[in-house]
1. Could you grab me the full set of residues in segment 100-138 that are in a loop (DSSP other than H, G, I, E, B) and under 19 Å from residue 268 (Cα atoms)?
2. Residue by residue through segment 233-282, note down the ones that are among the β-branched types (Val, Ile, Thr) and under 19 Å from residue 19 (Cα atoms).
3. Identify, please: which residue in segment 270-282 is in contact (Cβ under 8 Å) with a residue 40 or more places away in the chain and assigned to a helix (DSSP H, G or I) and is, among those, surrounded by the fewest Cβ atoms within 10 Å (Cβ to Cβ)?
4. I need the full set of residues from segment 232-259 which are part of a helix (DSSP H, G or I), under 20 Å from residue 6 (Cα atoms) and of a type outside the set (Phe, Trp, Tyr), in order please.
5. So residue 229 clears everything in (1) open to solvent by 70 Å² or more (accessible area, probe 1.4 Å); (2) not in a helix (DSSP H, G or I) except one condition, right? Which one?
6. Against the condition buried (at least 20 other Cβ atoms within 10 Å of the Cβ) and either in contact with a Gly (Cβ under 7 Å, 6 or more places away or on another chain) or of a type in the set (Asp, Glu) (or both), how does residue 223 come out, does it pass?
7. List the residue pairs whose Cβ atoms are under 7 Å apart, where the first residue sits in segment 125-153 and is without any contact (Cβ under 8 Å) to a residue 24 or more places away in the chain, the second is open to solvent by 30 Å² or more (accessible area, probe 1.4 Å) and in a loop (DSSP other than H, G, I, E, B), and the two are 6 or more positions apart or on different chains.
Amino acid sequence: MQHFEFNTTPLIKFGSGCLEQIGEICLKKIGKKILIITDEGIIKSGIIDKALKSLRKSNIEFTIFSDVQADPPESNILDSTKICIENYVEGVIGIGGGSSLDVAKVTAVLSKGEEKLSQIYGIDNIQKERLPLILIPTTAGTGSEVTPVSIVTTGKSEKMGVVSSKIIPDAAILDPELTLGLPPHITAATGIDAMVHAIEAYTSKRQNNNPISRSLAKKALRLMGKSIEKAVHNGSDIEARSNMLLGSMFAGQAFANSPVAAVHALAYPIGGHFKVPHGLSN
């Protein structure tokens, strides 16, 4: 058997209502002063209130950056980093879709003040350590909570990636209740994105395509294949939502170690130029 390497998030909490544990997890993984990175949709939905209640209960001081945009531009990351440094936070929590999680990952690196964004684009270009990081997905698609990848929009239509095992978070909290309010079209697009992650990870020709990734990819497709239509057409089906969120994470673990390929390589420029949702472009 060939040599391979497999990396993933050290702590994964899964289950309905587990967001209520964010306070105690934060105390263990970060400390008492944090920056929360999210978007206006999460603020308006009330999802953030559940997290803040738990943080207050643990006497954790927090600052909120809620200006994350879809397909986040560099300015999002620079702004969140500035707030992080000014508030002397001990760590970062990202809560939302893939865009919020991607911004949180890079912010945790840059907020140490030892590296510049332009220097860390590409593969394994992060040289220093980051701030502690916890990610909480509210969509079942990107698997960003377990991947070493952050995608940034660098111009009107161009995207670049920061790829490094150093941005795999310290903890991921997967609460399927947070996905109950997702509209059907977002459920469909993010779900297809996750399924493509699994398919490409399983069929990858890269040397690091490994038995762990292939097993996770198959499990991901079984879970999502039987649940995506239910989740789209009956968004309140908690079992379907749970299967999609767990499947998305398994697919993320798979492609994080056995990389995606041509489909994603084509999907990124299509999405960048025509503003097509990533799952649809896949």
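The values are calculated or read from the model by the stated rules, or taken from the named source; none is laboratory data. Being a predicted model, the structure only gives us computed values, none of them experimental. Neighbour counts run over all protein chains shown; Cβ positions are idealised from the backbone, glycine included. Side chains are part of the model used for accessible areas, which takes the heavy atoms of the whole protein and leaves out ligands, DNA and RNA. Shrake-Rupley method; radii C 1.70, N 1.55, O 1.52, S 1.80 Å.
1. 121
2. Passing the criteria: only 238.
3. My answer is 273.
4. Across segment 232-259, the qualifying residues are 246, 247, 248, 249, 251, 252, 253, 254, 256, 257.
5. With (1) open to solvent by 70 Å² or more (accessible area, probe 1.4 Å); (2) not in a helix (DSSP H, G or I) applied to residue 229, the lone miss is (2).
6. Taking the combined requirement at face value, the residue satisfies it.
7. 128/112; 128/114
So that you can scan it fast, the table gives a plain yes or no per residue for (1) out of contact with any helix residue (DSSP H, G or I) (no Cβ under 6 Å at 6 or more places or on another chain); (2) surrounded by fewer than 20 Cβ atoms within 10 Å (Cβ to Cβ); (3) more than 16 Å from residue 247 (Cβ to Cβ); (4) in contact (Cβ under 8 Å) with a residue 24 or more places away in the chain:
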position	(1), (2), (3), (4)
175	no, no, no, yes
184	no, yes, yes, yes
193	no, no, no, yes
201	no, no, no, yes
210	yes, no, yes, yes
